[in-house]
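Some notes on the structure that comes next.
Just so it is clear, none of the values below were taken in a lab; they were calculated from the coordinates. Computed from a predicted model, the values in this text were never measured in an experiment. Here the Cβ is made from the backbone with ideal geometry for all residues, glycine too, and neighbour counts use every protein chain on show.
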Amino acid sequence: MANTKFRVSVLGDGGWGTALAVVNARRHNEVLLWSAFPDYAKVLSEKRENIKFLPGVKLDPKIKISSDLNEAVEFGQILVLAIPTQFIRNVLHKLKDCKLTNKTLVSVAKGIEKNTCLRPSEIITSIIGDKAPIVILSGPSHAEEVARNIPTLVVAASRDEKAAALVQQAFMDTYFRIYVQTDVVGVELGGALKNVVAIAAGVCDGLKFGDNSKSGLITRGLFEMTRLGIKLGANPNTFFGLSGLGDLVTTCFSKHGRNLRVGRELGEGKKIKDILAGMEMVAEGVDSAQSVHQLCKKVGVDLAIVGEVYNILFEGKDARQAVIDLLSRDAREEWKQY
């Protein structure tokens, strides 16, 4: 069974979607990479390189490129939804009319939708119902490293254990190891919340704080992730796994981290609109800070770090003052509000 080939369509031509197409081609699966933009699909096809989102990585000649969604859906038995959370709804509305019998959907988005406060799997279910099982793929996995054969460990979570096992079998190879579990809520929350904490970690860097500050912030950030997870029914152990602690540490230290970069430039005094204007790729932590703030209000959970990131991004609060306010809160026991 280890040598079984699968047909995989990756919907989304960003860095992570492209990296997963590369992984599947390396695994000798049949792969189609779908772009929503016909002109850019031609660029991908001609140059065999995603020069905008994953430069320097050549695409296997066997990877098909298409801008036809119907073709992509018909081609793949596994459909990877590699579309940012805030844009996934638009694609799903087109997808719902396609034939999804015997398909498996793999969501790799890391975020929570603004206003609705829905996780990616909830958005998918709200639009296409139970037409196909949903698997969440998450963990410390920068596209720049995955596509270059740097050993990477991730987790596939699904309420359908057979679907998770299928994705594990289909995607895993020597350099891309996949574990399975069933805590969809925890895995998705970890993927969204770690991006918000990473912005805070970047603020520490921008303010020229040291290792003590950043390590303390990451630890308390993990605490906040776990608190919200427990409130929403997640397994607390998930936050100490690949999609929680693993992804959090990588995002808060990696040179590839877009959310870390946003925080660093905020700490240096730049305005968020100017920072985002200079970025080609999406920093999902910015939108997630707003949606998580909304979610916390909805469920009655106070997360101090998330709250201050929201204040910096959307209320114009000075980054240094936000840190002072965090440190000036009333003294308390470490685990009292766990």
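Quick rundown of the values:
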quantity: Aspartates and glutamates whose Cα lies under 17 Å from that of residue 64, excluding same-chain neighbours fewer than 8 positions away; calculated: 13, 30, 39, 46, 49, 74
quantity: Packing-based exposure ordering (other Cβ within 10 Å, fewest first) of 46, 113; calculated: 46, 113
quantity: The chain, relative contact order in percent, only Cα pairs under 8 angstrom and at least six apart counted; calculated: 15
quantity: Most to least packed among 183-192, 27-36 [average Cβ atoms within 10 Å]; calculated: 183-192, 27-36
quantity: Cα-based equivalent ellipsoid of the chain: semi-axis lengths in Å, sorted from largest, via gyration tensor; calculated: 33, 22, 18
quantity: Proximal lysines to residue 255, defined as alpha-carbon separation beneath 27 angstrom and excluding residues fewer than eight positions away on the same chain; calculated: 47, 52, 58, 110, 194, 208, 214, 270, 271, 273, 317
quantity: Net +/- balance of residues flanking residue 301 in space, Cβ distance below 10 Å, scoring K and R +1, D and E -1; calculated: +2
quantity: Dimensions in Å of the stretch 24-68 - Rg and Dmax from alpha carbons; calculated: 10.1, 28
quantity: Angle in degrees between helix 304-314 and the longest Cα principal axis of the chain, rounded to the nearest 10; calculated: 80
quantity: Net lengthening on full extension, residue 302/residue 240 (0.36 nm per residue, minus Cα-Cα); calculated: 20.2 nm
quantity: Stokes-Einstein D (µm²/s) once Rh is taken as the Kirkwood radius of the stretch 7-182 over alpha-carbon pairs, at 37 °C in 0.692 mPa s; calculated: 206
quantity: Rg/Rg_ref, the stretch 264-338, where Rg_ref = 2.2 N^0.38 Å and atoms are Cα; calculated: 1.23
quantity: DSSP bridge orientation in the stretch 7-182 - percent antiparallel, rounded to nearest 5; calculated: 20
quantity: Within-14-Å neighbourhood charge of residue 324 [Cβ basis; K, R +1; D, E -1]; calculated: 0
quantity: Peptides ranked, highest mean first, by Cβ atoms within 10 Å: ranges 256-264, 153-161, 55-63, 169-177; calculated: 256-264, 153-161, 169-177, 55-63
quantity: FRET efficiency for residue 249 and residue 328, using Cβ-Cβ distance with R0 set to 41 Å, rounded to 0.05; calculated: 0.95
quantity: Proportion of all alpha-carbon pairs of the stretch 183-338 beyond 21 Å (%); calculated: 39
quantity: Within the chain, helix-based [θ] at 222 nm, where runs of 4 or more DSSP H residues each add -39,500 (n - 2.57), nearest 500; calculated: -14500 deg cm²/dmol
quantity: Relative contact order of the stretch 100-233, defined on C-alpha pairs under 8 angstrom at six or more residues apart (%); calculated: 21
quantity: Cα-based helix-to-principal-axis angle, 211-231 vs the chain, degrees rounded to 10; calculated: 70
quantity: For the chain, size of Cβ-based charge dipole, Lys and Arg +1, Asp and Glu -1, in debye; calculated: 280
quantity: Gyration tensor (Cα) of the stretch 207-248, equivalent ellipsoid semi-axes in angstrom; calculated: 23, 11, 6
quantity: Förster radius 35 Å - calculated FRET efficiency between residue 150 and residue 320, Cβ distance, rounded to 0.05; calculated: 0.45
quantity: Highest average packing first - 242-252, 82-92, Cβ atoms within 10 Å; calculated: 242-252, 82-92
quantity: Helix axis angle, 38-47 relative to the chain longest principal axis, alpha carbon, degrees; calculated: 80
quantity: Interatomic Cα distance distribution for the stretch 94-135, bins of 5 angstrom, percent; calculated: 5, 23, 32, 22, 13, 4, 0
